[in-house]
Structures are given as structure tokens and as C-alpha cells.
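This report concerns only the one structure given below.
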Amino acid sequence: MKSTPFTEKHLSLGAKMHEFAGYNMPIEYSGIIDEHLTVCHAVGVFDVSHMGEFWVKGPQALAFLQKVTSNDVAALTPGKVQYTCFPNEKGGIVDDLLVYRYEDEKYLLVVNASNIEKDWNWCVSHNSEGAILENASDRIAQLAVQGPKAIDALQKLTDINLSNIPYYTFKHGAFAGVPDVIISCTGYTGAGGFELYFYPEDAMKVWDAVFEAGSEFGIKPIGLGARDTLRLEMGFCLYGNDLDDSTSPIEAGLGWITKFVDGKNFINRRALEKQKKEGTTCKLIGFEMVDRGIPRKGYGLYNTHGIEIGVVTSGTMSPMRKIGIGMGYVIPAYSKVGTEICVDMRGRKLKAVVVKPPFRK
């Protein structure tokens, strides 16, 4: 397994470790529920150094990105971040990702850890424009500092006014005495906070400074287990569960990142435009349990007459709501908010209702 610059720290703190995307990663420290609530109410730190980062540079950078991503990259100005996806030729999604416009003719793509090699090969094989591509995944470390107290803790460590970094924007500069840190107001928790990008050799300096600055706010290290429950409470998709090579962005409710603007002839545009106009055969929904039970990936979804209508893609017990919540694909006729459905849990059909995420308000 690969290590991040923080692996020895995780081990010394007694984290429960497990392989994820080829990396030895912390799953939990004090427990998923405790860590989840820490992020919702205070501040927590995730090691997300396993994520992939690609630089796209040069005069053809924009033309390349307009072709391979679904969102309108031309709408970005320097300092802005955009959520998007790589559509494939079959109507599915290669990966979902973030695009940072760093400066003119220079962009940073942040991709899922499990898809780094796949995404890199995809970009290289579709780079007929001649953009300059650089896989910097092994040369960038990343911490996500999330929660309502994150801004108070991190402001101690930089002269950059963090209050002047709106959601989905970023700045770069000195942080904790380290130069050229990217400070991004993004995240995968819905609890607010920032993601920090820096060179691996500065990793422990940044880690120690962040934990010292956050000590008065009850800062804790957080594992991937709570990262999953936090993103699910917000209704954020996870690639490999709610998105994959066979699910289209239209089916997944990601029409808002699929821009059919003039001059943007992205991969599989024609088919996705047809889907948006004519509808799809399935649709991603959020649901919460009425009966007591915890939905899990792969459980069948049924209508109230016992006819199968879909499948669960993500599910958990909500630490904040104390009820079972989930996401899944269903026949569009059953996607309306308020529709009663059933989840098959080992042969028992338990009642649930379709809701509009986020589950945590």
C-alpha cells in the first residue's frame, strides 16, 4: 500500500487503518459518530493527500478542458473553482472532479484517488488539442479542515483574510510559515471549512500548526468513515457508488454541471442533450427511512405493491438525524418528493419516503 506524508502520524494516534484506493488510510480514530459530530459542531482534519492532482497548462488548456469536462470552464476566472465531470462516449461518467482556474492558461484538476490512473490515461488519450498536462499527484499533499470553527482556527496561521474567500473560490500564499499554499473554500462535508494544498515536505509543519491553532476549538483528526457519513447527509455523490461509467450526469441529477452552451462540444454532448430534453430511464433520489433500518449499497428499492423499481447506491444511519438515510436510482415515476417506497433489507420490505437532500439542514 502507498503512504501519505501523514501515515506515521495516523498510526501514532491509534487510527484504525485500512486500504483505500491503494493507500493505507485512517478509517476512524475516536469513532465515526464522534468524528462526524465534531465536524458538524467544531472542527476536524482529514488527510486527503491520496487525491489526484493534474496541472493543465498552455494556450490550448481551455479548449482541452471544454472538450473533456461537462461544465463550462470558460465561465471560470482566476481564483474560482468548479465542480464538473468527465463524460464518456457511452453516456456514463469517467469521474467527477474539481477544476481550479489558477491563472490564465493554467488550471488544476483534483480527481478521485481511486481514479487517478484511469483519469490520467483518459486525459492523455483525449488531448488532441496539445494542452500541457502534468500529473502532480505524488507531489501535492492535502488536508481538509472542516467545520464551523475551521475559519477561526486557520485564520491564526495566515495573513490572507479567509472571510474573503467565498465558497468555491481559492487563494494561494503563505500559511503556517509555508509559502505557496493553496487555500480553497471547498469541501465534502457541508460543514464549511477549507482544503489546503502544499508540498509533501511541508506536511508535518502544516499538520502541527493546524492542530495547535485548533486546540481551543476541540479540533480532532477525522477518518474516511465520517467523511462518508458527512457527504451522505449532504446528498453529495460518491464515485463508485452513486456515479460510475454507466450512470449519466443527467440521471444523477447533475444537469446543473452539464452545460450545453454554444461552442462547447464536449464528449457525448449530443446524447446527454437528448437525455435532458426527453428524460431518462432512471433517476437518482434521496430517501429517508420511515421504518427502523439502515439502508446499504445494493439493497433493492420497491414500490408499495412489491414491484422492484431501483437500487440503493449509498446508505447509512444519519448521526445527526438518528434515522436511516440513503440514495439510489429508481424509475422516474417514483422520484417525486413525498413518494412512499420500500427498501428490501434481507427480505423485509421496510418503508421509506423520497426526500430532497440534504438530509442535514
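The values are calculated or read from the model by the stated rules, or taken from the named source; none is laboratory data. No experiment lies behind these values; they were computed from the predicted model shown. Cβ atoms come from the backbone with ideal geometry, glycine included; neighbour counts cover every protein chain shown.
Some points to look at:
- Residue in the stretch 291-304 that is over 22 Å from residue 254 (Cα atoms), crowded, with 20+ Cβ neighbours inside 10 Å and touching a Pro at 6+ places or on another chain (Cβ under 8 Å) present: no
- Close pairs (9 angstrom Cβ cut-off, 6 or more residues apart or separate chains): crowded, with 19+ Cβ neighbours inside 10 Å and modelled with pLDDT under 95 in the stretch 80-95, part of a strand (DSSP E or B) and of a type outside the set (A, V, I, L, M, F, W, C) anywhere: none
Listed here are the residues, each with its yes/no results for (1) among the hydrophobic types (A, V, I, L, M, F, W, C); (2) assigned to a loop (DSSP other than H, G, I, E, B).
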| residue | (1), (2) |
| --- | --- |
| 227 | no, no |
| 230 | yes, no |
| 261 | yes, yes |
| 291 | no, yes |
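- Scanning the stretch 163-196 for residues that are surrounded by fewer than 20 Cβ atoms within 10 Å (Cβ to Cβ) and over 23 Å from residue 231 (Cα atoms) turns up 163, 164, 171, 172, 173, 174, 177, 178, 179, 180.
- When residue 9 is tested against (1) of a type in the set (Lys, Arg); (2) in contact with a strand residue (DSSP E or B) (Cβ under 9 Å, 6 or more places away or on another chain); (3) farther than 21 Å from residue 220 by Cβ, just one condition goes unmet, and that condition is (3).
- Among (1) in contact with a strand residue (DSSP E or B) (Cβ under 8 Å, 6 or more places away or on another chain); (2) at positive phi, the one test that residue 295 misses: (2)
- Output for the stretch 154-196, where each listed residue is closer than 23 Å to residue 50 by Cβ, of a type in the set (Gly, Ala, Ser) and within 24 Å of the chain's Cα centre (by Cα): 184, 187, 190, 191, 192, 193
- Residue match in the stretch 135-147 (condition: surrounded by fewer than 19 Cβ atoms within 10 Å (Cβ to Cβ), of a type outside the set (Asp, Glu), outside any strand (DSSP E or B) and without any contact (Cβ under 8 Å) to a residue 60 or more places away in the chain): no
- Any hit, the stretch 324-337, residues being in a strand (DSSP E or B), β-branched (Val, Ile, Thr) and in contact (Cβ under 8 Å) with a residue 40 or more places away in the chain: yes
Conditions (1) assigned by TED's automatic domain parsing to the domain that holds residue 145; (2) more than 28 Å from residue 192 (Cβ to Cβ); (3) not in a strand (DSSP E or B), marked per residue:
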{"residue": "26", "(1), (2), (3)": "yes, no, no"}
{"residue": "85", "(1), (2), (3)": "no, no, no"}
{"residue": "91", "(1), (2), (3)": "no, yes, yes"}
{"residue": "107", "(1), (2), (3)": "no, no, no"}
{"residue": "129", "(1), (2), (3)": "no, yes, yes"}
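- Some residue of the stretch 269-279 being hydrophobic (A, V, I, L, M, F, W, C), on the phi < 0 side of the Ramachandran plot, outside any helix (DSSP H, G or I) and at pLDDT 95 or above: no
- Of all the numbered requirements in (1) more than 23 Å from residue 36 (Cβ to Cβ); (2) touching a Gly at 6+ places or on another chain (Cβ under 9 Å); (3) surrounded by 21 or more Cβ atoms within 10 Å (Cβ to Cβ), residue 258 misses one, and that requirement is (2).
- The residues listed here are 353, 343; of these, the one that is under 26 Å from the mean Cα position of the chain (by Cα), part of a strand (DSSP E or B) and loosely packed, with under 15 Cβ neighbours inside 10 Å is 353.
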